[in-house]
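Report on the following structure.
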Amino acid sequence: MLKTKLNKPNPTSKLILRKELIDILENGKEKKLTLISAPAGYGKSTALSQWIDNGKLPYVWYSLDKSDNDITNFLQYTITGIQSVYNNIGTEALKLMESNGNPTFETIASHLINDLYEIQEHFYIIFDDYHLIENQQINQLISFLLHKLPDNIHIVLITRSDPSIPLARLRSQQLVTDIRLSDLCFNANNIYDFFKKSLNISLTIEDAKNLESKTEGWIAGLQLTALSLQGKEDISEFVQKLKGDNRYIVDYLIEEVLQQQSQELREFLLCTSVLSQFNASLCNHVLNINNGQEIIELFERNNMFIIPLDNERNWFRYHHLFASLLQHRLKVQLKDRIPELHANASQWFENNDQLVFALEHAIAAGNKIKALNHFANVIDHLWKTSQYQTILQFGGMFTHEELIKNVNLCLNYFWILFQSGYIEQAASLIYLLQNHTTNKAELAMVHVCINNLKVLTGDIESVFTYSELELQHIKEDVDYWNILAFLSLGEIHRLRFELTTSYHSFDQAAKRAAVPQLIYFEMVNRIRSSFVLWTLGDFLGGYIESQDLLDKLNASGANNSFSIDLLSSILYCKVGNFLIHTNQIEEGLQKSIRGYDLSKKSTNQLFITSCTYLLAEAYYLAGEYNKAINVVEELDAIPYKQVAKYLSELADSLKCKLYLLTNKQDKLKPLFEKDIKADKNHAFEYILFSISRARYQIEQGKIKDALDMLQEVAEELKAEKGYGLLAEVEILQAKAHSLIHIEDEAIDYLLQAILKTQSAGLIRIYILEGAEIEINLKKIKQLISTKANTQFNKVDVEYINKLLRVFEKEKTVSPIILEDSLSSRELDTLKLIAENLTNQEIADALYISITTVKTHVRNILLKLEAKNRNEAVSIAKEKGLLH
């Protein structure tokens, strides 16, 4: 960390005091944001610095450059700057950042904001050159701070262009002090005073007006003009010859400035322009001289656009515009020296343990070997401090052939690519590394990486091959890689629907990660095992594990400054889903939405995908079908969904339910065009597909086909103890038998489902299947009171009563629109009923069997709660279904 970036530039004594600007700033002291926005060279930083000094205000000043687009860097510098004024502020936030949990910026910022409430006085957090920020996450962070900070904490943005934050809303709330170009530019009077009082150059008022017109009050241009005027006898003539376009003024004046310097000073200016900041020692090393300090002091005295970066005046930088012009001329005049200059700079930074800067200059020097060594030495630090964007930036500067020369570097870079969703690049890199190394321990780690790629794409045969290879050679003490190996095994057994084995693999991985430094990996595996518990039918166990994990995260966050919002996102969604399942809809949706929002603030596409699916399922369970469709269709825009095999299948299953409920028949067709193998390696996919197909067949009146498919699936589920899905299958079997009037079978299947779900208190799984289930629940309740047998004795009557109460309540409060509850075929049948056609005539018109017509008619009567055909038509007209 360069602490010079946290020092306020001190205005030279040669500048005039801008009282009008100080008054504007003083009048805005009660507002949350001060925005100073104008092009380069208009004295933005100087004006603010004068105000800070004049009022002796407490502040932190953060001078930004392009490297600060990494949000981790940005937060670290901001907090460190604040701590230079208030030692104890932000300590917890920094600890959180040092964890491996990938917390969101809002989590870190919340800790910081809580600390800032301890400050009683007005305090200013100043971001200079904010226009260099391109990372939208940082803009979101600034917006979050502006919304949450206490009233006495103020943010100041000094920028060349307006930032991407909600300025219109902030202005409407009168929370912004705006200082614009018109406020900053010098008028003729300012110019006259500046030249006469500060620079001791005699101008006439007419000269000042001419300069105002030609420079448009551009302060940097005026300073360059003053330098060019040195030694000129006829000032008025010189001013008259100035060109009016700023671009030409810049070119002309830089030429004038440079031409007035000696050859030694010109060379110094051009050669040191490769440095974003410099001190005497660095300049001496880059240029192989020993008088860098004297030259820097001379430039500072002569106001040569050199800006001190610390109070001791050890570190400096050139004005950005001046630097860019120097760099342009360097390329023209001394192009051949540029690699040598960067090489010397790289060596100096390496000698002074500033490896990121050493890496940047080594790359600019074209020394890929040295740059790669620096990258390898610094990547662990960048990983641990969550500077993923920086890793991606540097990694992209090397070919894969160059990267594989360092195995540790290559593996770390693979995981950054993998987690960021760059799957093709990650795969290309790791396969190249596989062919490059022969070391068994290294190959084992390579195989773990490949295994994770294979899991995502569902290449099950390859996963078992690589799993055997990796587990043979991974050292027991390499916990991280052991965990990942068992995690991939857990995933692949889940795809094979080997649920018990899958749970065991996740459990093994979690146990190996049960140490503080690996809590992230423990949580990942526990989350996945809780998914398996739900599929196994341990609904309550899955919920308890998710809730316990969430409590553990919250507790560790409070006690150890360690809160992993990325993991919390899925946990909130899972807990929310269980609450909705048990009909606690409002609280369940709140938690589900919270989890979804948390995931969207991360960069982990797999977590975003998971939470998007879970929120869609939450809306479906709550009966908000259109919202559910909108959310689940978001998945189609997430590229990572294409390689997250199990999530893809879950999403398709949910889509089938939603499209059937909302009569979107056109969207159903693609879901059933997939050619899925009915083998063990595709068991998970085939089971979900079969259940969806059976649902569709029930809606189409093909009851026998549906029952045959459901029976096949039920046998597979029983074999693998997949009782969670089996409960859904049994409810569908009950519904199907009810539709063809086989009441005993319907009751029996429904009874089996009840015995699986009653201990967890699941409600919505029944409510969503409609009137047939309600009718059979009433029959079960009646049978319990009149008959005594082993099965009935196991049923919790209060559970049945609760289900029936919810069914009754749903009829009286905002029922789902009937267009959404009648299938398209049922609507077609209803229209023909309204035309007084017989069942046979309807069958002929719709090209379906008379048995299917009778099924549709029965469904219509049940769903419209009508006693006969005529009443159904009457109700449909009242509801607007028939016109």
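What the table below lists for this structure:
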{"quantity": "Pairs with Cβ under 6 Å, 6+ apart, first in the stretch 750-773 and in contact (Cβ under 8 Å) with a residue 24 or more places away in the chain, second polar (S, T, N, Q) and part of a loop (DSSP other than H, G, I, E, B)", "calculated": "G761/T582; I763/T582; I763/N583"}
{"quantity": "Every pair of residues 6+ apart whose Cβ atoms lie under 6 Å, when the first sits in the stretch 185-204 and is of a type in the set (F, W, Y) while the second is part of a loop (DSSP other than H, G, I, E, B)", "calculated": "F186/G217; Y192/L203; F194/I16; F195/I201; F195/L203"}
{"quantity": "Some residue of the stretch 68-77 being assigned to a helix (DSSP H, G or I) and in contact with a His (Cβ under 9 Å, 6 or more places away or on another chain)", "calculated": "no"}
{"quantity": "Hits in the stretch 420-444 (condition: surrounded by 15 or more Cβ atoms within 10 Å (Cβ to Cβ) and among the basic types (K, R))", "calculated": "none"}
{"quantity": "Enumeration of residues in the stretch 819-855 that are modelled with pLDDT of 85 or more, of a type in the set (S, T, Y) and surrounded by 19 or more Cβ atoms within 10 Å (Cβ to Cβ)", "calculated": "T829"}
{"quantity": "Listing of helices (runs of 4 or more DSSP H) fully contained in the stretch 620-734 that carry 3 or more residues being touching a residue at least 40 places away in the same chain (Cβ under 8 Å) and crowded, with 16+ Cβ neighbours inside 10 Å", "calculated": "645-661, 683-699"}
{"quantity": "Verdict on I816 being modelled with pLDDT under 80, surrounded by fewer than 16 Cβ atoms within 10 Å (Cβ to Cβ) and more than 45 Å from the chain's Cα centre (by Cα)", "calculated": "no"}
{"quantity": "Conditions (1) at pLDDT 85 or above; (2) surrounded by fewer than 19 Cβ atoms within 10 Å (Cβ to Cβ); (3) farther than 27 Å from R18 by Cβ: number failed by A109", "calculated": "(2)"}
{"quantity": "Total residues in the stretch 175-199, condition part of a loop (DSSP other than H, G, I, E, B) and within 16 Å of I235 (Cβ to Cβ)", "calculated": "1"}
{"quantity": "Selection count, the stretch 424-442, where residues are under 13 Å from N406 (Cα atoms), in a helix (DSSP H, G or I) and not acidic (D, E)", "calculated": "6"}
{"quantity": "Residue match in the stretch 395-402 (condition: free of Cβ contacts under 8 Å to residues at least 60 places away in the same chain, surrounded by 21 or more Cβ atoms within 10 Å (Cβ to Cβ) and among the β-branched types (V, I, T))", "calculated": "no"}
{"quantity": "Candidates Q333, Q327, Q347, filtered to the one that is over 22 Å from L258 (Cα atoms), of a type outside the set (F, W, Y) and either out of contact with any Leu (no Cβ under 7 Å at 6 or more places or on another chain) or in contact (Cβ under 8 Å) with a residue 60 or more places away in the chain (or both)", "calculated": "Q347"}
{"quantity": "Residue among I742, I747 that alone is of a type in the set (A, V, I, L, M, F, W, C), more than 30 Å from F497 (Cα to Cα) and not assigned by TED's automatic domain parsing to the domain that holds A843", "calculated": "I742"}
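Here's the yes/no breakdown for (1) assigned to a loop (DSSP other than H, G, I, E, B); (2) touching a Ser or Thr at 6+ places or on another chain (Cβ under 8 Å); (3) within 22 Å of L822 (Cβ to Cβ):
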| residue | (1), (2), (3) |
| --- | --- |
| Q752 | no, no, no |
| L762 | yes, yes, no |
| I765 | no, yes, yes |
| I784 | no, no, no |
| K802 | no, no, no |
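The values are calculated or read from the model by the stated rules, or taken from the named source; none is laboratory data. A quick note: this is a predicted structure, and the numbers were derived from the prediction, not measured. Every residue, glycine as well, gets a Cβ built from its backbone with ideal geometry; the counts of neighbours run over all protein chains shown.
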